[in-house]
Structures are given as structure tokens and as C-alpha cells.
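The values are calculated or read from the model by the stated rules, or taken from the named source; none is laboratory data. If you're wondering where the values come from, they're calculated on a predicted model, not measured in any experiment. Methodologically, a virtual Cβ is constructed for each residue, glycine included, from the backbone with ideal geometry; neighbour enumeration extends over all protein chains shown.
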Amino acid sequence: MKKDFAEKTVHDFFNTIGWENEEGITEDARRWEDLRKHSKIYVSKCRLRLLKFIPKVGENILDMASGPIQYKEYLEYSKNFDKRYCVDLSHKALADAKYKIGDHGKFFVGSFFDLEFKKNFFDCALSLHTIYHMNKNKQEEAVRKLIKITKKGAPIIIIYSNPNTLISKILFPLKVIRNILRKLRLIDNKQALYFYAHNINWWQRFKDEAEITMTIWRSFESKHQKLLFPNNKLGEMMFRLLFKLEEKFPKFFLNNFHYPLIILKKK
């Protein structure tokens, strides 16, 4: 099947430079993760937040757009499952994933839309930073397919993006100016990866098929996190406070900050 534009941008990036590894750091991580020393504990704790919702035991877990399972915390997600089904557009990503988990994994190269899985098969499904890179008109199809192939009551855990954050509202005038400059071709108009995030309320369309829980995964995208939190002991203290506040006031952070954690359970 011919790739649509959104999928093509993802395919092309991750089959060229996206998973290139230099000194243990992928190009993906270099561009979009906060790898600084004093953010390390906070970032790790955010990744491990998923363990609250992943079943303690199960047979099959789906990792949709698994990449190379590039962070050590990601290995924790499937440790209590018999098999981790890794789906990705990149051969290199899956080769690296296979090197890490070996016979624990099953590996599928291709578009999630094209692959066939049995109904009610998975005991858990993961989609981390993936759905907002799909065509905005196909994101619902992807989520409903996840619901279809996951067992009743089993969690589908999605890290998504909130387009209406406090920072986005503050920076909106700059975004308007940048878009004008792009249209006038005064700055680069190229986008490495397709991106489109629906608002938080968009997820309510799935309440006909699933119970919906939403909380905060992480408050800031990395570029803003690096600007706001210094890479020193003060920054480490700020991260510690931020994590406590996220835990205490998840609804506030869900509605006003960057990365929501969506948990769907098929009815």
C-alpha cells in the first residue's frame, strides 16, 4: 500500500538518520530528548510512570512503533510478559530491538495499518510518541485498531501531545510570525516529521468502546525543558519539585502541559 505523506516523513527519517547511533546516542534522542545529567532522574521517573498501568503479568504486549527500545526503562514494560510484539517502519530499529530482547520479542516491519493481528489478542498495548506522527485523519483508525486487537479490560497506553499548553499560548505570536516567514519562504519550510495533535477532548470519541483515563506523563517538551531548567543542582531540585506537583495535581498538568498519558480499556 502506498504510504501517505505523514507516514512517508516518518519512514524516510527513521530509515536514514533517525536511528543513527553516535557514542550510544541516537539522532532521535539527540534532537528530541533531554539528555543532560541533572534531568536524568526526572526523565527516568516519567518513563517509569507507565508501570502503574501495565499489568503485572501477561502473555502478549504490543509495542507499536517500538523503535530500537532505546531507553533502559522501556525494557521494563515487557519484563512480565511472554512476548513483546514490536512493530516499526525501520529495519534498523527492529534489528537493534532484537539485539536487546532476542527471543522475548516478535518483530514486524511495516505500517501498523497494513499488519494483521487477531482480535482480542494483546494483554497490553503501548504507543509512545507515535500517533501524533500519523495523518490527522487516520489517528482515530489507529486507535480503534488498537482497541480491536487488545483484550477486554486490557490497557492501551498512549503518550500523546497536548496542543493547548500554557507555553503554546504564550508563544502563539511567535508561531504566527514564523508561519508567515515560512509562507514567504524567508525561512526553511521543511519539516522532518509530520506532526498533528488533536486536543484533549478529542479522546472522548472512544468512550463508546473503551473506558478512558488521562493523566500527565511529562510537562515539557525537551527544548522548553532545557530552557527552563538549568543543568545543575538547582535544576535537579526544580525537577524533583515538578515531579511531586505532577503527582499531586495530575489534572492541572494534563490540561495545561505538554505530554498527556492516555489509558484506554476496552469495555
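Please tell me if CYS86 is in contact with a strand residue (DSSP E or B) (Cβ under 7 Å, 6 or more places away or on another chain) and closer than 30 Å to MET238 by Cα.
No; evaluated as a whole, the condition is false for this residue.
Is there any pair linking a residue in the range 226-240 that is assigned to a helix (DSSP H, G or I) to one that is buried (at least 17 other Cβ atoms within 10 Å of the Cβ) and among the aromatic types (Phe, Trp, Tyr), with Cβ under 7 Å and at least six apart or on different chains, and which?
LEU228/PHE220; GLY235/PHE229; MET238/PHE229; PHE239/TYR42; PHE239/PHE229
Only one of (1) surrounded by 13 or more Cβ atoms within 10 Å (Cβ to Cβ); (2) within 27 Å of ASP123 (Cβ to Cβ); (3) not polar (S, T, N, Q) is not met by LYS267, so which one is it?
(1)
Cβ-Cβ distance below 6 Å, separation of 6 or more or different chains: which pairs start in the range 250-267 with a residue that is touching a residue at least 12 places away in the same chain (Cβ under 8 Å) and among the charged types (D, E, K, R) and end on one that is buried (at least 17 other Cβ atoms within 10 Å of the Cβ) and not in a strand (DSSP E or B)?
LYS266/ILE147
In the range 16-36, which residues are in contact with a Leu (Cβ under 8 Å, 6 or more places away or on another chain) and under 17 Å from HIS129 (Cα atoms)?
Result: ALA29, single match.
What pairs come out if I take residues in the range 1-26 that are under 16 Å from TYR196 (Cβ atoms) and polar (S, T, N, Q) and pair them with residues that are modelled with pLDDT of 95 or more and not in a loop (DSSP other than H, G, I, E, B) whose C-beta lies under 9 Å away, six or more apart or interchain?
Within 9 Å, the pairs are THR9/HIS133.
Restricting attention to the range 6-34, which residues are closer than 26 Å to SER219 by Cβ, out of contact with any Lys or Arg (no Cβ under 7 Å at 6 or more places or on another chain), crowded, with 20+ Cβ neighbours inside 10 Å and acidic (Asp, Glu)?
Once the filter is applied, which keeps residues that are closer than 26 Å to SER219 by Cβ, out of contact with any Lys or Arg (no Cβ under 7 Å at 6 or more places or on another chain), crowded, with 20+ Cβ neighbours inside 10 Å and acidic (Asp, Glu), the range 6-34 yields only ASP28.
Scan the range 72-97 for residues that are in contact (Cβ under 8 Å) with a residue 60 or more places away in the chain and touching a Ser or Thr at 6+ places or on another chain (Cβ under 8 Å) and jot them down.
Scanning the range 72-97 gives ASP88, LEU89, ALA93.
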